[in-house]
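Reading through the structure tokens given below for one structure.
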Amino acid sequence: MKFIFVLIYMKFRRPKGTKDILPADIYKWHFVENTIGEVMQIYDYSEIRTPTFEFTELFIRGVGKETDIVGKEMYTFTDKSGESVTLRPEGTAPVMRAYLENSLYNEKSLHRLYYIANMFRYEKPQSGRYREHTQFGAEIIGSESIYTDVELILLARDIYQRCGIDNFKLKINSIGKAEDRKRYCAVLKEYLGKYVNDLSEDSKRRIEKNPMRILDSKDPGDIKITQECPKILDYISDESRNRFESLCAMLRENNIDHDIDFRLVRGLDYYTDTTFEFVSDLLGAQNAIGGGGRYDLLAEQLGGKTTPSVGFASGLERLISVAEKNGFKFSANKPPFIYLVALGDEAVNKAFLLMQDLRNSQISSTMDFNGKSMKSQLRHANKLNVNYVFIIGDEELSKERGILKNMNDSTQCEIEFAKLKDHLLSENKKSKSSSQGI
Ligand code: HAM
């Protein structure tokens, strides 16, 4: 019988690669989201929210047809009017679309924008890799200054550090401009052609259309072959190389440790010049906490004027996972201030009226509606870590007074129903500095 029940009960499961964030864990998310909001405000970034789905063409144009994201991972469907739409796999193309469509360039020349949003990628789920994940991202649109690259890296570092993450590595590279990459790809293809039989199957497929992606293959054979391959930094223009050298000097000046990594080509076609990634050894194969770079030509690719820009995004699941592994103590959400314990229908009714009155005065309150025993209600109140319980039984009803128990020092007293709210408000005032507050 129990087995049949479990089978029926288990009929609906969440789709592979998705997750539930349960009440017991939500405080970690609230902490991180609040931290992001606070830091963004300090750095003068404004929040932008774009739709969960966009016309598919935006990602084909913006992210690139040959990328894994567009080629293999998009959740694309035709809607009832025959339009092809896609659940957003990333946030940069939608933000640029919104910037251009709403003519934000008319407001000011430099925009600092941020978002916290869910992203959808049909990838093979594994630890740290989901089909729906949440990113926070920041974009500076409208400036080619090196300060913008540095500011974003400092911003990301600040958020990670406030979440107890100091043990990351910053990898940085320059992939130049489109013409540089064309030249480099030809040289790289020629080099890889000599080893084609030894490359992994995935890399063999990439050699024609996207040879640079072979550089970030995790296959040990591919890694060995590419160790001595030509490096892109030797093929970018003088202008790009000078920019990259100035950037590295500025990072040193700002005490930002970084490793130059010739393999860091990133998987999205819109990047130009700077690419960077924050990685953590605590994450296993999916080791990027965040990544980004410049995308000076994206606005043009989407039909706008040339608008130099730079940005990065970070997965909240991975960020929280590293913070947890570091033993970071996320500050918990406040429990309710008071639990009303009621026994019997009439007492429940009275408690409900009192509870609503307390809530109307901003006093967080809760109670049970399922006719639990007094003992069980008290146990629950204790588990919730409330400051007070207020007990109403038949005797208390007849006297119009309840028993108020302070759960911190276990003292108790009788309080008239009509005086409960004022009493709690004045108690809270007295103990504001030490208690968890209302
Ligand atoms: P991305 O590197 O594809 O960049 O993703 C950014 C971050 O999102 C990754 O570093 C990782 O932390 C997280 N992430 C990506 N895919 C998954 C997944 N399947 N499961 C869990 N976490 C994941 C972008 O999306 C660019 N739009 C970043 C950017 C902003 N570049 C310029 N501006």
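The values are calculated or read from the model by the stated rules, or taken from the named source; none is laboratory data. This one's a predicted model, so the numbers in the text were calculated from it and none came from an experiment. For neighbour counting, all protein chains shown are included, and Cβ atoms are generated from backbone atoms with ideal geometry for every residue, glycine included. Calculation scope for accessible area: heavy atoms of the full protein, side chains included, ligands and nucleic acids excluded. Shrake-Rupley method; radii C 1.70, N 1.55, O 1.52, S 1.80 Å.
Calculate the length of the line joining the C-alpha centroid of the stretch 388-403 to that of the stretch 167-243, in whole Å.
If we compute the Cα centre of each part, the gap is 75 Å.
What part of the accessible area of the chain, given as a whole %, is carbon or sulfur when the probe is 1.4 angstrom?
In the chain, the share of accessible area belonging to carbon and sulfur is 50 percent.
Quick one: how many Å² of Tyr271 are accessible to a 1.4 Å probe, rounded to 10?
Rounded to the nearest 10, that gives 10 Å².
How many times 2.2 N^0.38 Å is the alpha carbon radius of gyration of the stretch 76-169?
Computed over Cα atoms of the stretch 76-169, the ratio equals 1.35.
Rg(Cα) of the stretch 338-430 divided by 2.2 N^0.38 Å?
0.97
I need the semi-axes of the equivalent ellipsoid of the chain: take the C-alpha gyration tensor, multiply each eigenvalue by 5, square-root it, list largest first in whole angstrom.
Whole-Å semi-axes of the equivalent ellipsoid: 54, 25, 21.
Could you please report the charge total around Ile175, scoring K, R as +1 and D, E as -1 over all other residues with beta-carbon less than 10 angstrom from its beta-carbon?
+2
Leaving out ligands and nucleic acids, note down the accessible area per residue over the chain with a 1.4 angstrom probe, in whole Å².
Spelled out: the 1.4 Å probe surface of the chain, per residue, equals 53 Å².
Label Asp44 and His258 with points 7 Å out from Cα along Cα→Cβ: what is the distance between them in nm?
Reported label-point gap for Asp44 and His258 is 2.2 nm.
Based on DSSP H runs of at least 4 residues, each adding -39500 (n - 2.57), what is the mean residue ellipticity at 222 nm of the chain after dividing by all its residues, to the nearest 500 deg cm²/dmol?
-11500 deg cm²/dmol
Which of Asp259, Asp281, Asp20 ends up with the largest GNM mean-square fluctuation for the chain, with Cα atoms connected below 10 Å?
Asp20
Run the quick spin-label model on Glu33 and Glu300: label points 7 Å from Cα toward the beta carbon, then report their separation in nm to one decimal.
Reported label-point gap for Glu33 and Glu300 is 3.9 nm.
Along the Cα→Cβ direction, 7 angstrom out, place labels at Ala285 and Leu353. What is the inter-label distance in nm?
Between Ala285 and Leu353, the simple spin-label model gives 6.3 nm.
Send over the Kirkwood Rh of the stretch 168-212, from the inverse of the averaged 1/r over different Cα pairs, rounded to one decimal Å.
11.8
Decide, for the stretch 224-368, between rounded, prolate and oblate: order the square roots of the alpha carbon gyration tensor eigenvalues as a ≥ b ≥ c, take rounded if a/c falls under 1.5, and otherwise choose prolate if a/b is larger than b/c, else oblate.
It comes out prolate by the Cα gyration axes.
Between the stretch 17-72 and the stretch 78-115, what is the separation of their alpha carbon centroids in Å?
Between the Cα centres of the stretch 17-72 and the stretch 78-115 lies a distance of 13 Å.
How large is the Kirkwood hydrodynamic radius of the stretch 1-144, counting all unique pairs of alpha carbons, in Å?
It is 17.7 Å.
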